[in-house]
Structure formats: structure tokens, C-alpha cells
Amino acid sequence: MPRILFPTDFSDAANNAFIYALRVADRLNADLLALHVYHIPVIKKASLPHTLLEFYEQIEEEEFKDFQDNLPILHEIAEADNRSHVALRSVLVKSEDAVRAIVATAEKEDADMIIMGTKGATGLKEIFIGSVAGEVMENANIPVLAVPEDAEFDGKIDNIAVTTEFKSEEIAAIRRVVDFAARFEAKVSCVNVDLAHTEAFLNRAEAFEKTLEIEYPQFEIQILEGTSIRAAISQFMEAANMDMLAMVTHRRNFFQELFRFSRAKEMAYHLNTPILSIQSHTLKS
């Protein structure tokens, strides 16, 4: 049975994403694993005072109690959504790095997909602080569906847009999107934003479309005009009533992250539409 990992901090954004997780799991006939990661500050000392040890134990007890208290809320959401039949397990993990814990749990549990909520961010905050969802989108080894806190799900996924930069690796990503879309009988559209307005750009687009036609003759690449990728895609998503945006994401080092912010993360922060992230490092093989 397929498995979907649902990391949660039990916030409103996470509970909203749980609706997506439930409905996607139901359609894919998958089970759900709810994961909550907590962190306890580490003090580097050979031996800890007795009172400090008691303090740590108290924190762990409170985290466990909070975890146990919040789990019924997920079951209530599932029951209210008529999805109580979806198999749901839960796990509590202590880790200093939430992103690493989520990725490791996904691998340990042989998950096929991660669905999690994300909150919007603006300006320098999104660059220097980022979000757990944004980091998971880049570093996981399975597709990640990031659900913005204001996203509304009517239970249907009819139209999915997938961005392309005319790279050969994207053919494999498009295959994954098509397979996912087929479970919802959704239509897939390929889009690109023309910022260059050059002949070389048009030649690359034409060559990529011919390659794509061999496997998917029904596809047409829609070239969007604009001076801002985010604005052009946002307008297209709204005008075309798109339910989801799929993108290939790339791992970045510190300086790349500093000077060229991940487009997938940027879109996830500013769109009200879920972003399906497919990592480039999973496509090379």
C-alpha cells in the first residue's frame, strides 16, 4: 500500500494541509503517517545537574502529552471530512533538525509522498529564515506537496500546471506528474515564462516541445509573457483555474540560496495553490 508522510506541528496551516493529505491518500488508496518532530535544547556538559535532568524529562513528558492531546483533532478532521476510513498512524520524533528528521522518517517508513503545510513569508524573512516545508521540498527524495495555509480544497484536482525550463530531466518529472494526475483524471499543462524574448529561447521551446510530443502528443507548452515569473504564473494559475503547480526543485548551497532564491519555495510562499515539488536529484537515474 502506498504511504504518505504528513509532518505536522498541529498549527492551523498543518490542519489545513491534513485535508489534502486525507483526500489524496483516499484517492491513491494510501495510508497516512502523521509525524511530529520536537526539539530539546542541548547543553554540552559532561554531567548535568539533577534539576536540569528533571527539566529535560519534564519537557519530554509535556511534548508527549501535547502530541497525545492533538492526535484526536486529526481524527476529528478525518471524521468531519468523511475520511475516517483512511488508515492513520502517528509517530513522535526528537531531533535537533526537523528537515533531516522528516527526510529520514520518509526513507525509514518507505513513504511515497510527503504532504505538509507551509506559511507565507515576505522579504528578507523568506530568504534568511525560509521554512521547514521549503527545505523539505528541496532535500526529500520523494515528491513533496506543500499546501499554503490559505489554500482551499474542494475535493477535486482537475487541472495541474507543470513548469518547464526546457531541460531534458524535466521529461521524467512530467511523467511523474502525469501519473499522479491520472489518479484524479486531471489535465496537465506545461508552462514557461518568456523573460528573454529571444530567438534562442523560441528554438529551445520548439525543440523541447518536439521531444515531449513523442510521448505526450496532446501536450502544448504555454509560453507566458511577463517580466516576473511569479506574477505571470500566478495570473495564469488563477485565470486557468489550476488546482496545483508542479515544479522541479534543485538543492542549493549557501551562496546560491543567498543570491538566487529557490523558485519553488518562492511560489509556495506566495501562491494559494499547492506546490508539488519533484527533486532534480531524484531524476538523474
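Values in this text are rule-based calculations from the coordinates and carry no lab data. These figures come from a predicted structure and were not determined experimentally. FYI the Cβ positions are ideal-geometry reconstructions off the backbone, even for glycines, and counts take in every protein chain you see.
Each of Glu109 and Val91 was given a label point 7 Å from its Cα along the Cα-to-Cβ line. The distance between the two points is 0.6 nm. Around the amide H of Leu224, modelled in the peptide plane, lie the amide H atoms of Asn192, Val193, Asp194, all under 5 Å away and 5 or more residues distant in sequence or on another chain. Remark: spin-label model distance Ser189-Arg251 equals 3.4 nm, labels positioned 7 Å along the Cα→Cβ axis. For Glu149, the residues whose modelled amide H falls within less than 5 Å of its own, excluding neighbours fewer than 5 places apart on the same chain, are Thr118, Gly120. Computed packing ranks the peptides 102-111, 203-212 as 102-111, 203-212, most packed first, by mean other Cβ atoms within 10 Å. On the beta carbon distance between Ile223 and Asp9, with R0 = 45 Å, the FRET formula returns roughly 0.70. Spin-label pair His75-Ile171: with each label point 7 Å from Cα along the Cα-Cβ axis, the two points sit 5.0 nm from one another.
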